Amino acid sequence: MKRPLPFPPTSRLAVAIASLALTSLVGLGAPAPAFAKDIRIAHISDQTGPLEAYAKQTQIGLMLGLEYATGGTMKIGDRKIVVLQRDSQTKPDVGRSQLAAAFGDDKVDIAIGPTSSGTALAMLPVAEEYKKILLVEPAVADSITGDKWNRYIFRTGRNSTQDAVSNAVAIGKPNTYIATLAQDYAFGKDFVAAFKEALAGTGAQIVHEEYAPQQTNDFTAPAERLFNALKDRKGRKVIFIIWAGGNPFKIADLNPGRYGIEVASGGNILPALAAYKALPGMEGATYYYYEHPKNKVNQWLVAEHQKRFKSPPDFFTAGGMSAGIAIVEALKKTNGDTGTDKLIKTMEGMSFETPKGKMTFRKDDHQAMQSMYHFKIKADPAFAWGVPELVREIKPEEMDVPIKNKR
């Protein structure tokens, strides 16, 4: 295989997305035959705003997952799958209204999305009101399948605790002092709370928490507070960054190494990994990197994505594909019956194969239990990004992910 282009041109990406969606969207302008009512799925994602890149990857992955799981037919039996795309604009109120319109006006059977945790939390009550399934992908906040959860919510995306526990495995060593930098909303706060809990008993401890607005570009002031919290500690000193969008790794330009401070983070999309290239040896844990999982689903994804887009699949592409596969596998088990109660009963405890290997929806909170990947960054001149070389796969059974809902 030729070395992948690091980033596909925008025009090629747009054309490819359109071609992927064509099979599912054809026929939207005409009524479905009476003998084969379409299965209507709404994909609501933050297609505009700071998380646009994540949403586009999820969209591509979703269409590939539906294609893969249906053997290219885009059908369950004689029922065609129709996907309607809606933009939540990274705004909670817009996401809420878009989901209500999808269930109420478009009469969709199932919804998938969104990207932002804040948007997802606003959408959860709508699923309960309409008594329809919302499969959350890729929003991360624990509260989605925690205290804000309801029985209509499933999630293929990882949650903050899965991120936190796997990163605690990667860097939680005795005599380690950690200061965290996170975004000042549910995604960042839920991670830090879970990270603190996961580090208990490892010998590592969080000594400072720094939160900044999502749109922050100047990290000089937060960096000074982080440096002051760590610089006089005796032991390993780490700034751990949890951030979606933007580039908080500018902190590395302020030279924390002069105080013996390391920078660490979890995984991210390939463009964001470009900043990691300046941090060889950095450790963390990630949800997905295309070279990590070794299974036939991921082999298909990598090969098809390379063929169609001239680049490897990215972080959220795998998540979108997992969501598509989960929906198809559930519908196969119900013989195409989209009744909500039947789908819930089918999906609770259901296992299915994804690019990350086997996932299982936990019965109590509908969170997909899944592997994570401990990595160490290598600066390889052949790649535009820092390569997260695999240290080891962290299996679901190794991670103590507590049930936090009130079922």
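Taking amide H as placed 1.01 Å from N in the peptide plane, residue 39 has its amide H under 5 Å from the amide H of 80, 81, 82, each at least 5 places away in sequence or on another chain. For the chain, the longest principal axis of the alpha carbon atoms and the long axis of helix 117-130 meet at an angle near 30°. Close amide H partners of residue 378, meaning residues 5 or more places away or on another chain with modelled amide H under 5 Å apart, are 281, 387, 389. Mind pulling the angle between the C-alpha long axis of helix 186-199 and the longest principal axis of the chain? Nearest 10 degrees, somewhere in 0 to 90. With both axes taken from Cα atoms, the answer is about 60 degrees. Based on Cα contacts under 8 Å between residues 6+ apart, the range 279-370 shows a relative contact order of 25 percent.
The angle separating the long axis of helix 92-104 from the principal Cα axis of greatest extent in the chain is about 20 degrees. What's the FRET efficiency of residue 228 with residue 131 using the Cβ-Cβ distance as r and R₀ = 41 Å, to the nearest 0.05? Using R0 = 41 Å, I get an efficiency of 0.20. Per residue, the average separation of C-alpha pairs within less than 8 Å and at least 6 apart gives the chain a relative contact order of 19 percent. For the chain, a simple Cβ point-charge model (Lys and Arg +1, Asp and Glu -1, everything else neutral) yields a dipole of about 720 debye relative to the Cα centre. Once the Cα-Cα distance is subtracted from the 0.36 nm per residue extended length, the residue 197 to residue 255 segment shows a gain of 18.0 nm.
Between residue 397 and residue 105, the C-beta separation translates, for a Förster distance of 51 Å, into a calculated FRET efficiency of about 0.75. Amide H contacts under 5 Å for residue 394: 372, 373, 374, restricted to partners 5 or more places along the chain or on a different chain, H placed in the peptide plane at 1.01 Å from N.
When shorter helices are ignored and each DSSP H run of at least 4 residues is given -39500 (n - 2.57), the per-residue value for the chain at 222 nm works out to -11000 deg cm²/dmol.
Take each peptide in 194-205, 108-119, count the other Cβ atoms within 10 Å of every residue, and average; sorted highest first, the result is 108-119, 194-205.
Over the range 149-244, Cα pairs under 8 Å with separation of 6+ residues give a relative contact order of 37 percent.
Coordinate-derived values only; no laboratory data. Being a predicted model, the structure only gives us computed values, none of them experimental. All Cβ positions, even for glycine, are placed from backbone atoms using ideal geometry, and neighbour counts span all protein chains on display.
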